[in-house]
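A.B. asks: Supplied in structure tokens, the structure appears directly below.
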Amino acid sequence: MSLKEEVELLRQIPLFAQIEPARLKLLAFTSERLSYEPGQVLCRQGDMGDAAYIVIEGTADVLVNSANGPITVATLGPNDFVGEIAILCDVPRTATVQAVSRLVVLRIAKELFFRLLSEFPSMAVTMLREIAHRLEVTTTQLRGSVAEVQALRLAHPS
Amino acid sequence: MTDQPIALDAVPASPAFAVAEPSPSQPSPRAPLERSLYGFVIRHSLPDQLRITAWTAVSLPFYYYSLDLPKTIINRAIQGKQFPAKLLGFELGQIPYLMVLCGIFLALVFINGGFKYYTNVLRGRLGERMLRRLRFELYHHILRFPLPHFRRTSPGEIIPMVTSEVEPLGGFIGDAFGLPAINIGLLATAVYFMFNQDPMLGLAAIALYPVQGFIIPKLQRKVNLLGKQRVRTIRSLADRIGESIGGIVEIRANDSARYQLADFAARLGRIYEIRYEIYQRKFFVKFLNNFLGQLTPFFFYSIGGYLVITGSLTAGALVAVLGAYKDLAGPWKELLDFYQLKEDSRIKYEQVVEQFEPAGMIDYALQLEEPAEIPPLTGTITVTNVAYVEEERRVLDAVSCAIALDTHVAVVGRAGSGKNELGMLLARLLVPSGGRITIGDADLNLLPFAVTGRRIAYVGPSAGLFSASLRDNLLFGLRHRPTGDATYDAAMRRQRDRALHEARRSGNIDLDLKADWTDYARAGATSEAALMARLIETLGITKLDEDVYRLGLRGRLDPKRRPEAAARLLEARRALADQLSENDMVRLIERFDPERYNTNATLGENLLFGTPVDTTFEADKLAQNPYMRSVLDQVGLTRDLVAMGLEVAETMAELFAELPADHEFWEQFSFIKADDLSDFKGILERNRQIGVDRLKPADRLRLLELPFKLIEPRHRLGLITDAIRERVLQARKVFADGLPADLAPKIEFFDVGRYNAAASLQENILFGSVAFGEAEAVNRVRELISEVLTELDLREIVIEVGLDYQIGSTGARLSPLQRQKVAIARAVLKQPDILILNEATASFDTPVEAEVTRRLRDECAGRCIIWVMSRASRARGFDRVVVFDQGRIVEQGRPADLGKPDSVFSALVTAE
């Protein structure tokens, strides 16, 4: 795949929709295109993050460690964006991302990512919306979980 | 005269070392440096000086005759009346007589020149020998300086003394007797000649000499003093520069450049002042000399003229006297210059020598004595009432302890408690100011260094390494003296004998640097191979083997010198390829194939299809190489590459247009340097105006260079089409087939069945490019290589190549941790009876330190370790602990016995 095709691909992603093509080209050129074998890990929970990833081809699981081993919390497909939390907040990776099939991603280095955010407020707003949306989903899930736990406690009072 | 060379390959009982009970208090059998320059000259070169003087004396009659001859020619041949004249029994007419005399004159010119040439060579050679001797002695003195002296003297001061300051002395020494002798001789001859002509004129010629001889030295003395001051100031300037280089980090970090510059300017100012005054005085001396010199001709013209007019002197005689006077002025001037040079040299010599005789130098005999046998150290180290004073500070006081030579002892204490000095005293690096240290029943400081330096190993807090290979640094502790003779063929032997003779003439050491110096037995090995095995084992103790393995993979191996190793590495190349296909990892490496374009290599590498041996075909300049250009023209690729270059330039101009010039992306991603972008914009502009074909050759070359760096999967510019690949393969073939014979050695082509001498071990095993875009490819490949090499038992070959790694000046190309590991391995390798570690592992991580401690203690089981520690808690596993506080031993015993809560040891442990 050439740079031009990659730019086309990036334009399909809502996050980058507003960015002018020349910028997207620089983003594509300076980003690494990486292939992963099934089972290979992109990033590991607890490590410090230095990049975000856009899935170009294939699927990957997002896993979170629990007392009973890793739990899959989401599955990523083409055009999905992952790994931005750790580089935005300078916190360790919140989850492990593992390739399910042969996976092709675009790896965007932290520095470049920040640069794009500061230069393109529209991108920052899109990102904000995306994160708010995820928070909403997470909160809903949490609410559900809390309700379940309470139900269980009522059913089995100790 | 004790003009003996240091003959160390003689039997140990050679007279130089026949010291029954050497003691530092006895005078060393080798006299110290002569205090005065003439003392040094006479002691080491009197016969040579006399020979030069004798030759000079022999030359004088000829010289005298050559002075006399012009007078004969004028008076008797040209103005003479009595012919035929008699010469050696022949009767000659006027013209033949004149011609014969002129012929003799010419012959004399030739003979005089010959004498001059010969004595000049003799003098030059003598000067060089004496300079060599002096430098050698000075350097040897440095090696004998007591350690604390190095804290007071800086290399910046010492180095110029040995290198540049003594340099002019060589020239002077060659002339020390000869030049004054020849000039006094010439002067005497000329004066005698003049007195012969006319006593009055002779007297006139030398009348002013006493005046000059009296005044000049007086004036010179002040110049000499200034000269001394100048030498000192220059020395401190050198020291200052050395300090600035050493402290460059501090100067930058503290913005202290202005202060440094001001300080330097002030020093330069002082030198200027001194120099200026020297010039004023020196040239005044010159002026006075010239004036007095010119007074003499005044006498000649007035008195001589008067005598000729009154008829008591012939005109011919006056001409000859004037001629002789001209010759007189030469030697006289030379003598005066010599006097100034002598004074200058004397000061230099004295000022250098006084710096090289500090008190407490290591005894000469103890340093170089080679006992017939070096028995192992056994028994107990007994430290009795030892004190150590430095700069009038009592560092250690009344220290007594006993250490059995089969125990491991930890020495602990706060920083500055004296524990480090104890370590250095036991390693004989410092000498006690009072008390005694004995090993068995021998006084440590009276043993030859051949015993202590081989039986005791010491590792300090920062490793001293030398600019050589890693191997040489590790074997450093085994190289005390040649263990065998070097082998020479007849011609080399003669050369070596000459060098040896010359070294002895100059009092230099006569040991052969080319001989094998490695003491295999000391390392417990019997052969080079066994030593290598032992060395690799030793590397494992400090886990240095991993580092050396990695260095080895980056290193090169000469297949001509080690054909079997090269063959085995080719085996690894095949095994790696098999591994890759077995594990379904072929994607990770794209192997080199002469028939295929390697997409993960640059276009330039694909054209060359080999490793450049030197700079001829190096990647950066490949596009400029005339032969490469002719190949590209031949296959018609030039035009396409220039067109590709245009596209690359345009893409770069578009992508990077708005980035600031210092942005890291330029470095990381751009084909074009930030500074060159405007050039390329100009080229692109011209291209739009006049078309690519009419661009200047320089512009076209710059465009041509760009696509050479293209790697399609990395840059993804879509420029390397199938058609281009096809043509590159064609060019590759043309390049290889038509390669001229003189260029053939400049490249090692990729050949799957051949070891590539120009490529690293790793490149040879890979035989391909690691794929771009495969996640973790580099690490996975590295692991695979490691597996393959372990399986084939090849790690040792890699480590051996790694040992050839040049570590740079003071080991600068290694990390501080690696340097420390090398120092420890070096100490362990010589299997010392006593291993002293003076805070040697302070830079290690805690777990690594614990592991290294365990391994070192296992290695030295049954032998003695004295470990001066920075952390007292590490002392717990040791046989004994010695606790220092304020220069005294406050506690000693088994760690368990010192564990009471109120002990100093417990306090130290808790404080950590």
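The values are calculated or read from the model by the stated rules, or taken from the named source; none is laboratory data. What you see is a predicted model, and the numbers here were worked out from it, not measured in a lab. Glycine gets a Cβ as well: all are built from the backbone with ideal geometry, and neighbour counts include every protein chain shown.
A.B. asks: Scanning for something surrounded by 16 or more Cβ atoms within 10 Å (Cβ to Cβ) and among the basic types (K, R), does segment B:737-757 turn up at least one residue?
C.D. replies: Yes: one or more hits.
A.B. asks: State all residues of segment A:53-95 that are hydroxyl-bearing (S, T, Y) and closer than 24 Å to A:L112 by Cα; if no residue qualifies, say none.
C.D. replies: A:Y53, A:T94
A.B. asks: Which one of these is more than 10 Å from chain B (Cβ to nearest Cβ), free of Cβ contacts under 8 Å to residues at least 12 places away in the same chain and not basic (K, R): A:T94, A:T72, A:T59?
C.D. replies: Testing whether each residue is more than 10 Å from chain B (Cβ to nearest Cβ), free of Cβ contacts under 8 Å to residues at least 12 places away in the same chain and not basic (K, R) leaves just A:T72.
A.B. asks: Here is a further query. Identify all residues within segment A:1-23 that are crowded, with 21+ Cβ neighbours inside 10 Å and within 12 Å of chain B (Cβ to nearest Cβ); write none if there are none.
C.D. replies: A:E6 - this is the single residue of segment A:1-23 that is crowded, with 21+ Cβ neighbours inside 10 Å and within 12 Å of chain B (Cβ to nearest Cβ).
A.B. asks: On to the next question. Can you tell me which residues in segment B:626-640 are under 14 Å from B:P697 (Cα atoms), surrounded by 14 or more Cβ atoms within 10 Å (Cβ to Cβ) and of a type outside the set (K, R)?
C.D. replies: Of everything in segment B:626-640, just one residue is under 14 Å from B:P697 (Cα atoms), surrounded by 14 or more Cβ atoms within 10 Å (Cβ to Cβ) and of a type outside the set (K, R), namely B:T638.
A.B. asks: Within segment B:527-539, track down each residue that is surrounded by 15 or more Cβ atoms within 10 Å (Cβ to Cβ) and not β-branched (V, I, T).
C.D. replies: Residues satisfying the conditions are B:L531, B:M532, B:R534, B:L535, B:L539.
A.B. asks: Across segment B:366-410, what is the number of residues that are surrounded by fewer than 18 Cβ atoms within 10 Å (Cβ to Cβ), free of Cβ contacts under 8 Å to residues at least 60 places away in the same chain and under 13 Å from B:R436 (Cβ atoms)?
C.D. replies: Residues that pass the stated criteria total 5.
A.B. asks: From the list B:L98, B:L134, B:L92, exactly one residue is modelled with pLDDT of 85 or more, farther than 30 Å from B:P168 by Cα, hydrophobic (A, V, I, L, M, F, W, C) and surrounded by 16 or more Cβ atoms within 10 Å (Cβ to Cβ). Which is it?
C.D. replies: B:L98
A.B. asks: Among the numbered criteria (1) over 30 Å from B:T599 (Cβ atoms); (2) within 14 Å of chain B (Cβ to nearest Cβ); (3) within 14 Å of the chain's Cα centre (by Cα), which single criterion is violated by A:A109?
C.D. replies: Checking A:A109 against (1) over 30 Å from B:T599 (Cβ atoms); (2) within 14 Å of chain B (Cβ to nearest Cβ); (3) within 14 Å of the chain's Cα centre (by Cα), the one that fails is (1).
A.B. asks: From B:I216, B:I182, which residue is in a helix (DSSP H, G or I) and crowded, with 20+ Cβ neighbours inside 10 Å?
C.D. replies: Exactly one residue qualifies, and that residue is B:I182.
A.B. asks: Do you know which residues across segment B:422-459 are without any contact (Cβ under 8 Å) to a residue 60 or more places away in the chain and of a type in the set (K, R)?
C.D. replies: If the condition is that a residue be without any contact (Cβ under 8 Å) to a residue 60 or more places away in the chain and of a type in the set (K, R), then B:R428, B:R436 are the ones that fit.
A.B. asks: Among (1) over 23 Å from A:L142 (Cα atoms); (2) out of contact with any Leu (no Cβ under 9 Å at 6 or more places or on another chain); (3) away from every other protein chain (no Cβ under 14 Å); (4) not hydroxyl-bearing (S, T, Y), where does A:R102 come up short?
C.D. replies: Single failed check for A:R102: (3).
A.B. asks: Specify which of the listed residues (B:I824, B:I836) is touching a helix residue (DSSP H, G or I) at 6+ places or on another chain (Cβ under 7 Å), closer than 20 Å to B:F878 by Cβ and touching a residue at least 40 places away in the same chain (Cβ under 8 Å).
C.D. replies: None of the others qualify; the one that does is B:I836.
A.B. asks: Just wondering, is there one or more residues in segment B:295-312 that are at pLDDT below 85, in a loop (DSSP other than H, G, I, E, B) and farther than 21 Å from B:Y209 by Cβ?
C.D. replies: yes
A.B. asks: Is it true that A:A86 is more than 14 Å from chain B (Cβ to nearest Cβ), within 15 Å of the chain's Cα centre (by Cα) and crowded, with 20+ Cβ neighbours inside 10 Å?
C.D. replies: It is true that A:A86 is more than 14 Å from chain B (Cβ to nearest Cβ), within 15 Å of the chain's Cα centre (by Cα) and crowded, with 20+ Cβ neighbours inside 10 Å.
A.B. asks: Which residues, taken from segment A:24-47, are of a type in the set (A, V, I, L, M) and within 8 Å of another protein chain (Cβ to nearest Cβ)?
C.D. replies: A:L26, A:A28, A:L34, A:L42
A.B. asks: Tell me, yes or no, whether segment B:339-347 has at least one residue that is at pLDDT 85 or above, under 30 Å from B:L511 (Cβ atoms), part of a helix (DSSP H, G or I) and of a type outside the set (G, A, S).
C.D. replies: no
A.B. asks: To continue, here is another question. What's the number of the only condition in (1) among the small types (G, A, S); (2) under 30 Å from B:F172 (Cα atoms); (3) buried (at least 20 other Cβ atoms within 10 Å of the Cβ) that B:G423 fails to meet?
C.D. replies: The one condition B:G423 does not meet is (2).
A.B. asks: Right, something else. Here are the criteria: (1) over 14 Å from B:L470 (Cβ atoms); (2) surrounded by 14 or more Cβ atoms within 10 Å (Cβ to Cβ). Tell me which single one B:G555 does not satisfy.
C.D. replies: (1)
A.B. asks: Which one is farthest from A:S35 (Cα to Cα) among residues in segment B:760-780 that are away from chain A (no Cβ under 14 Å) and among the aliphatic types (A, V, I, L, M)?
C.D. replies: Out of the qualifying residues, it is B:L761.
A.B. asks: Still on this structure: Could you list, in sequence order, all residues of segment B:864-880 that are under 22 Å from B:R455 (Cα atoms) and over 37 Å from the mean Cα position of the chain (by Cα)?
C.D. replies: The answer is B:F878, B:D879, B:R880.
A.B. asks: Being touching a residue at least 24 places away in the same chain (Cβ under 8 Å) and touching a Lys or Arg at 6+ places or on another chain (Cβ under 8 Å) narrows it down to one residue among B:S467, B:S462; which is it?
C.D. replies: One residue alone meets the criteria, B:S462.
A.B. asks: Given (1) surrounded by 14 or more Cβ atoms within 10 Å (Cβ to Cβ); (2) on the phi > 0 side of the Ramachandran plot, identify the lone condition not met by B:G524.
C.D. replies: Here B:G524 clears every test but (1).
A.B. asks: Also, quick follow-up: Could you please find all residues in segment B:137-179 being surrounded by fewer than 21 Cβ atoms within 10 Å (Cβ to Cβ) and aromatic (F, W, Y)?
C.D. replies: Within segment B:137-179, B:Y139, B:F145, B:F150 meet the criteria.
A.B. asks: In segment A:119-158, how many residues are within 16 Å of A:I19 (Cβ to Cβ), under 18 Å from the mean Cα position of the chain (by Cα) and free of Cβ contacts under 8 Å to residues at least 60 places away in the same chain?
C.D. replies: The number of residues fulfilling the criteria is 4.
A quick yes/no check of all residues on (1) touching a Gly at 6+ places or on another chain (Cβ under 6 Å); (2) away from chain A (no Cβ under 14 Å); (3) over 19 Å from B:R782 (Cβ atoms); (4) assigned to a helix (DSSP H, G or I):
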residue	(1), (2), (3), (4)
B:P559	no, yes, yes, no
B:A565	no, yes, yes, yes
B:A577	no, yes, no, yes
B:L580	no, no, no, yes
B:P594	no, yes, yes, no
B:F617	no, yes, yes, no
